[in-house]
Amino acid sequence: MFAIIETGGKQYQVSEGRYVDIELLNNEADSKVVFENIVMLVNGKKSKIGQPYVKNASVEGVIVKNDKTKKVLVYKQRAKKGYRRKQGHRQNFTRVMINKIRTAAKKSETVENTTEE
């Protein structure tokens, strides 16, 4: 079983027990995170496709670390003009370990109505 989630303007395929590198989240390491925007759940014949999102579904995970990717060099040059620019870039990301894919979200706690006598 796997799910396709949407976060940071991108879509990611996630499975239980695996980690995924996503756009940077403003949470600390070892904190829980819940993704509510589930685009698709795949479980054999019980697959669900959202329009745009699957209702009553969520993906739970734990943030492993916030880090940067390897450096990418950007080099610009104009021929015969003496123009050269070299620049490096490291993109921030968050690594999330996926713990649970829930097909039905937790039911909200019912509030008991009390009558005054």
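Where a number appears in this text, it was derived from the coordinates with a stated rule and is not lab data. Keep in mind that this is a model prediction, so the values were computed, not measured. Cβ placement follows ideal geometry from the backbone for every residue including glycine, while neighbour counts extend to all protein chains displayed.
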Handout entry: Packing rank of 67-75, 7-15, where each peptide gets the mean count of other beta carbons within 10 Å, highest leading
Key = 7-15, 67-75
Exercise for the section: Write down, largest first, the equivalent ellipsoid semi-axes of region 2-102 in whole Å, where each equals the square root of 5 times an eigenvalue of the alpha-carbon gyration tensor. Expected result: 36, 17, 10
Practice task
Beta carbons within 10 angstrom, averaged per residue: use that to sort the peptides 16-24, 56-64, 81-89, highest first.
Solution key: 56-64, 16-24, 81-89
Problem - C-alpha center-to-center spacing [region 16-72, region 73-95] in angstrom - result: 31
Exercise for the section: Just order 94-104, 42-52 by mean Cβ neighbour count inside 10 Å, highest at the front, would you? Expected result: 94-104, 42-52
Problem - Relative contact order [Cα under 8 Å, 6+ residues apart], the chain, whole percent - result: 29
